[in-house]
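Q: Mind having a look at this structure? Questions to follow.
The values are calculated or read from the model by the stated rules, or taken from the named source; none is laboratory data. Quick caveat: nothing in here was measured; it's all calculated off a predicted structure. Quick reminder, even Gly has a Cβ in these numbers, built from the backbone with ideal geometry, and neighbours come from all protein chains shown.
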Amino acid sequence: MTPTEKLLNSNPFEFSGASRALFLESFKENALHHYNNHTFTKRLWDKLGFHPSSIKTEEDLTKVPGTMVHLYKEHELRTAKKEDLVLTLTSSGTGGQKSQQFLDQQSLNNVKKLALTIHQSLGMASDKEYNYLCFTYDPKVANDLGTAFTDELLTNFTGKKEVYYAIQWQEDKQDFALNEEGVIEALKRFAASGTSTRILGFPALLFEMIEKHDIKLDLGADSWLQTGGGWKGKADKEIPKKEFRKFIEERLGIPQKNQRDLFGMVEHGIPYVDCELGNLHIPNYARVFVRSPHDLSLRPKGERGLLHFLCSYNFSYPAPSLLTTDYGRVGECACGIKGDVLILEGRAGVSKHKGCALKALELLEK
Ligand SMILES: [Zn+2]
């Protein structure tokens, strides 16, 4: 087995010396691959005096130069040959900067595997059948969109009965539209079905749907809400997570411990997923560093700064060390799952990224 295969076959929330060494070896393998096969990465790292073979300890990981996320939005950076790519994921932004990631077959297998293992380890996978309501684009028409891909992936972590995609392609309008009536009918149908429900979607969209249509249902104690995409574009209406969880429990009958948020970036691909207590756990498949926005120096644990992500599963897309424009902190959780948690604290700068969540909200407001 290669170091990366070994890593992805290991427990994502085990942080013993041996487990940490697995990430180190895998990262080194990945970084060397990009260094040897991606000219820009080689030139950049050479210029900065960094070589992947210099990674020997956990601390060395903090010395890997980060590449700014903007670069991946403005240029088509890939290590694999175009003909070897099996999937290109993009954010559904309309105009402006577009987030994207390229995957060859092995990298796609890797990201699917790690997403499954993370969800299993957080008690979210099941053999039981669920009805799904996905507040996203039907993957049959939008399979390259990050959110559509994620939602289709997530529905495969349990048995599934009906899957209802709320954002549908309108042939006459040649555009996507949210089928609000369809959503309400699906919720009523699911509540009466005797099968538990899983809702996947943007929190703001779900909140506004419930308010607008005064929805009050009991989907049952084994129903789940899996959110992602944040409150982008609706930050002024953002409800603190605790309040949101209570609201959903009251209106849909979904217990708070079954409400899990997911943070992910198209360019990074590692899912950071909530535990029962609502904290985003960092798996051993990644490292999260926090850097000063002034000089990019490393900030100590608990302090706020720009998020810098390391991952090792993608051999086709040269973003092993991604410096973002998102603010956050690394903290701890009392739930018993090992490792640190990621605390998000907003986005730096004024540039407006029209992500999937915003596009979906526009659909609701039409
Ligand atoms: Zn936790």
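Q: Taking interchain pairs and intrachain pairs at least six residues apart, which have beta carbon atoms under 8 angstrom, with the first residue in the range 271-283 and under 15 Å from GLN120 (Cβ atoms) and the second among the charged types (D, E, K, R) and near the ligand (Cβ under 8 Å from one of its atoms)?
A: Qualifying pairs under 8 Å: HIS281/ASP274.
Q: Continuing with this model, one more query. Among the residues of the range 114-131, write down those that are under 16 Å from PHE13 (Cα atoms) and either assigned to a strand (DSSP E or B) or not aliphatic (A, V, I, L, M) (or both). Full working, then the answer.
A: Start the filter on the range 114-131 by keeping residues that are under 16 Å from PHE13 (Cα atoms), which leaves 114-125.
Hits for the range 114-131 are THR117, HIS119, GLN120, SER121, GLY123.
Q: Given the conditions (1) in contact with a Gly (Cβ under 6 Å, 6 or more places away or on another chain); (2) at pLDDT below 50; (3) not in a loop (DSSP other than H, G, I, E, B), which single one is not true for LYS359?
A: For LYS359, the exception is condition (1).
Q: Of everything in the range 51-83 that's buried (at least 16 other Cβ atoms within 10 Å of the Cβ) and not aliphatic (A, V, I, L, M), which residue is farthest from the chain's Cα centre (by Cα)?
A: Going through the qualifying residues, I end up with PRO52.
Q: Would you check if GLY278 is touching a Ser or Thr at 6+ places or on another chain (Cβ under 8 Å) and either in the same structural domain as ASN131 (by TED's automatic domain parsing) or within 15 Å of the ligand (Cβ to nearest atom) (or both)?
A: Values: touching a Ser or Thr at 6+ places or on another chain (Cβ under 8 Å): no; either in the same structural domain as ASN131 (by TED's automatic domain parsing) or within 15 Å of the ligand (Cβ to nearest atom) (or both): yes.
Criteria not met by GLY278.
Q: From (1) assigned by TED's automatic domain parsing to the domain that holds SER19; (2) assigned to a strand (DSSP E or B); (3) within 16 Å of the ligand (Cβ to nearest atom), pick out the condition that doesn't hold for ASN284.
A: (2)
Q: Would you confirm, using the coordinates I've provided, whether VAL290 is modelled with pLDDT of 95 or more, buried (at least 21 other Cβ atoms within 10 Å of the Cβ) and within 16 Å of the ligand (Cβ to nearest atom)? Spell out how you get there, then give the answer.
A: Details: modelled with pLDDT of 95 or more: yes; buried (at least 21 other Cβ atoms within 10 Å of the Cβ): yes; within 16 Å of the ligand (Cβ to nearest atom): no.
No; evaluated as a whole, the condition is false for this residue.
For every residue, the table says whether it meets (1) buried (at least 18 other Cβ atoms within 10 Å of the Cβ); (2) at pLDDT 95 or above.
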residue	(1), (2)
ALA192	no, yes
GLU208	no, no
LYS216	no, yes
LEU219	yes, yes
ILE254	yes, yes
LYS257	no, yes
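Q: Please work out which residue is farthest from LYS216 (Cα to Cα), limiting yourself to the range 150-167 and to residues that are assigned to a strand (DSSP E or B) and at pLDDT 90 or above.
A: We begin by selecting, within the range 150-167, every residue assigned to a strand (DSSP E or B); these are 159-167.
With the extra rule that they be at pLDDT 90 or above, the set shrinks to 159-166.
Working: GLY159: 26, LYS160: 24, LYS161: 23, GLU162: 21, VAL163: 21, TYR164: 19, TYR165: 20, ALA166: 19 Å.
Filtering the range 150-167 for residues that are assigned to a strand (DSSP E or B) and at pLDDT 90 or above, the one farthest from LYS216 (Cα to Cα) comes out as GLY159.
Q: I need a count of the residues in the range 239-260 that are within 12 Å of the ligand (Cβ to nearest atom) and in contact (Cβ under 8 Å) with a residue 40 or more places away in the chain. Spell out the reasoning first.
A: In the first step, residues of the range 239-260 are kept if they are within 12 Å of the ligand (Cβ to nearest atom); the result is 257, 260.
Within this subset, residues satisfying the condition of being in contact (Cβ under 8 Å) with a residue 40 or more places away in the chain are 260.
Number satisfying all stated conditions: 1.
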